[in-house]
Amino acid sequence: MANNYSKYTAIRVTPTVIAGTTEDNDVMFNATEIPNAVIGKGGCSKLLGITIIDKDGEQVDMDLIFMKVQTNFGTAGSASNITDGNLQAAKVLGALTIDWTDHHVTFAQNANNASVWTSGGMAGTGNNGTTFPILLEAESDSTSVFFTAIVNTASNADYAATDDLEFVFHIERQ
């Protein structure tokens, strides 16, 4: 009899980004759910890696923040407002710096260049390295965790559409 159960999953999430300009230190998108990130309410899993599909080829460096409680660190498209109080309210689980100079491939797509960034394990250079795994733990009444992104680049993001970024979270659930 075949075992159809796997403890690994890839969860796809498309946050709503700003169609238009987002500047350095701006919130790229409001806190967004990663549904079923854990098995069972209040469970815990391991984030092993991430793939980011950038349909507009913006390749914006960003800081991702993972949290138990859906919390916005400012308004999408405006300067971030990260305080001790909202970090505690969010029950932050971890953060990653995404640096597009490492681990990306660009594809020609009509007039735009779509890009894909992926990483797992240790990646990056210097202090901007990306380190996995990150433990994802849901609240006691949920199987979801949340994430948001802050622009971390000297250049602006200028997405053509609100669905131009897709994240694929590579998760080990037990």
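The values are calculated or read from the model by the stated rules, or taken from the named source; none is laboratory data. Small disclaimer: the values here were computed from a predicted structure and weren't measured. Here the Cβ positions follow ideal geometry from the backbone for every residue, glycine too, while neighbour counts run over all protein chains shown. Surface accessibility is based on the protein's heavy atoms, side chains included, excluding ligands, DNA and RNA. Shrake-Rupley method; radii C 1.70, N 1.55, O 1.52, S 1.80 Å.
Under a model in which nothing but the beta-carbon of Lys, Arg (+1) and Asp, Glu (-1) is charged, the chain shows a dipole of about 820 debye around its Cα centre.
For the chain, what is the accessible area per residue in Å² when the probe is 1.4 Å?
On the way: 8470 Å² over 174 residues.
In whole numbers, the chain has 49 Å² accessible per residue.
By definition, a body whose alpha carbon gyration tensor gives a ≥ b ≥ c is oblate when a/c is 1.5 or more and a/b is not larger than b/c, and the chain fits this oblate description. Think of the stretch 1-80 as a dipole: +1 on every Lys or Arg Cβ, -1 on every Asp or Glu Cβ, centred on the Cα centre; then among ASN36, SER6, ILE53, SER6 lies furthest on the positive end. Note on the chain: with neighbouring protein chains present and a 1.4 Å probe, carbon and sulfur make up 46 percent of its accessible heavy-atom surface. For the chain, the relative contact order works out to 46 percent when only alpha carbon pairs closer than 8 Å and six or more residues apart are counted. Cross-link partners for LYS7 among the lysines, with Cα-Cα distance under 28 Å and sequence neighbours closer than 8 places in the same chain left out: LYS41, LYS46, LYS68, LYS91. Placing pseudo-labels 7 Å out from each Cα toward the beta carbon at THR101 and ALA10 gives an inter-label distance of 2.9 nm. FRET efficiency for the pair GLU23 and GLN174, taken as 1/(1 + (r/R0)^6) with r the Cβ-Cβ distance and R0 = 45 Å, rounds to 0.65.
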